[in-house]
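A quick write-up on the structure given underneath.
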Amino acid sequence: MIPTENSMNRNYGKWFLTKVKKAIIDYKMIDSGDRIAVGLSGGKDSSALLFILDAVRIYSPFRFDMVAVSIDLGWGMDYSPLKKYCNELRVPLEIIETNIGPLVFDVRKESNPCSLCSKMRRGALDNAAINLGCNKVALAHHADDIMETLFLNLIFTGRFATFEPTTYLSRKNLTLIRPLIYLDERTIKTIVSAKNLPVIESPCPVSGTTMRVEMKALLDRMEKIFPKARPNILAAMKRKNFFSTMLQE
């Protein structure tokens, strides 16, 4: 599971490393000497993120430290697969215990639980990063997430906006980075399957039923009609300097 000089497949560059390194360079995500808290939820995306950043650390000029951080939502999730995974990568793992899940669903009984849960999880992750001496937090959002968020905002809020590749939080003196923004979900799934990375089923009561899932289905339908829909949407955003415009607003 650990990439080494002897086992590293030469196709990794074309497969994913070149795109990830380009994203890092394009948006100035990583500097030598950084200490990065990598959000590790147990989902496929975050497991792939940790593996990819470890490969970047080995096979690129970037020199940085990493610590994996898992936010326990209070549902009794089994973290043993993630502990084993991090031990194999020689990356420290910090598990932050919270009661976010029961608070959102049982106490607050939120009609829109995803929004509050996301904010609380991000807050817990940011605070953990600060306490661990990190200056950056890596999140596992990929290219499909960019498009899904774009359509969610467009349809439900009337805003043509999505998340930024790099975001500086001045109040916390933390920088959020998303190194996977140039990788599509199919590539992520291939990496996870090929490297047998751990994936833990989400205990969230609304997993698989959110509006984000609906946006994914919408993009799938668009792609059936126009096979190049996804890459063309991303290309259009890049041509118009979409992220640069967002940063100026």
Could you work out what % of the accessible surface of the chain is carbon and sulfur, using a 1.4 angstrom probe and leaving DNA, RNA and ligands out of the count? 52
Taking amide hydrogens as modeled 1.01 Å from N in the peptide plane, which residues meet the under 5 Å criterion relative to Thr175, leaving out close sequence neighbours? Lys136, Val137, Leu169
For the chain, what is the charge dipole size about the Cα centre, in debye to the nearest 20, if Lys and Arg each add +1 at the Cβ and Asp and Glu each add -1 at the Cβ? 760
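Determine, from the Cβ-Cβ distance of Arg171 and Glu201 and an R0 of 35 Å, the FRET efficiency 1/(1 + (r/R0)^6), rounded to the nearest 0.05.
Numbers: r = 35 Å, r/R0 = 0.99.
Efficiency computed from Cβ-Cβ geometry: 0.50.
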Sketch the reach of a paramagnetic label on Asp106 as a point 7 Å from Cα along Cα-to-Cβ, and name the residues of segment 66-91 whose backbone nitrogen lies under 12 Å away. 74-76
Taking a probe of 1.4 Å and leaving out DNA, RNA and ligands, the chain shows per residue an accessible area in Å² of 53
Among Thr162, Thr175, Thr210, whose mean-square fluctuation peaks in a Gaussian network model of the chain (Cα, cutoff 10 Å)? Thr210
Among 223-231, 28-36, 135-143, what's the highest-first ranking by average C-beta atoms within 10 angstrom per residue? 135-143, 28-36, 223-231
For the chain, what is the percent of antiparallel DSSP beta bridges, rounded to the nearest 5? 20
Under a point spin-label approximation (7 Å from Cα along Cα-to-Cβ), what is the Leu154-Asn127 distance to one decimal in nm? 3.7
What percent does the relative contact order of segment 1-155 come to when contacts are Cα pairs within less than 8 Å and at least six residues apart? 27
How big is the chain in terms of Cα radius of gyration and Dmax, in angstroms? 17.9, 52
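When ranked by the protection proxy of mean other Cβ atoms within 10 Å per residue, highest first, what sequence do the peptides 98-105, 13-20 form? Don't skip to the answer; put the middle values down first.
Numbers: 98-105: 18.0, 13-20: 16.4.
Order by mean packing, descending: 98-105, 13-20.
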Residues whose modelled amide H sits under 5 Å from the amide H of Ile95, counting only those 5 or more places away in sequence or on another chain, are Ser70
Per GNM of the chain with C-alpha springs under 10 angstrom, the most fluctuating residue out of Pro81, Pro165, Pro205 is Pro205
Would you look at the GNM of the chain, springs on alpha carbons closer than 10 Å, and say which of Asp26, Asp72, Asp145 moves the most? Asp26
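The values are calculated or read from the model by the stated rules, or taken from the named source; none is laboratory data. Computed from a prediction, not measured in an experiment: that's the story for all the values here. Cβ coordinates were reconstructed from backbone atoms using ideal geometry, including for glycine residues, and neighbour counts include every protein chain displayed. Calculation scope for accessible area: heavy atoms of the full protein, side chains included, ligands and nucleic acids excluded. Shrake-Rupley method; radii C 1.70, N 1.55, O 1.52, S 1.80 Å.
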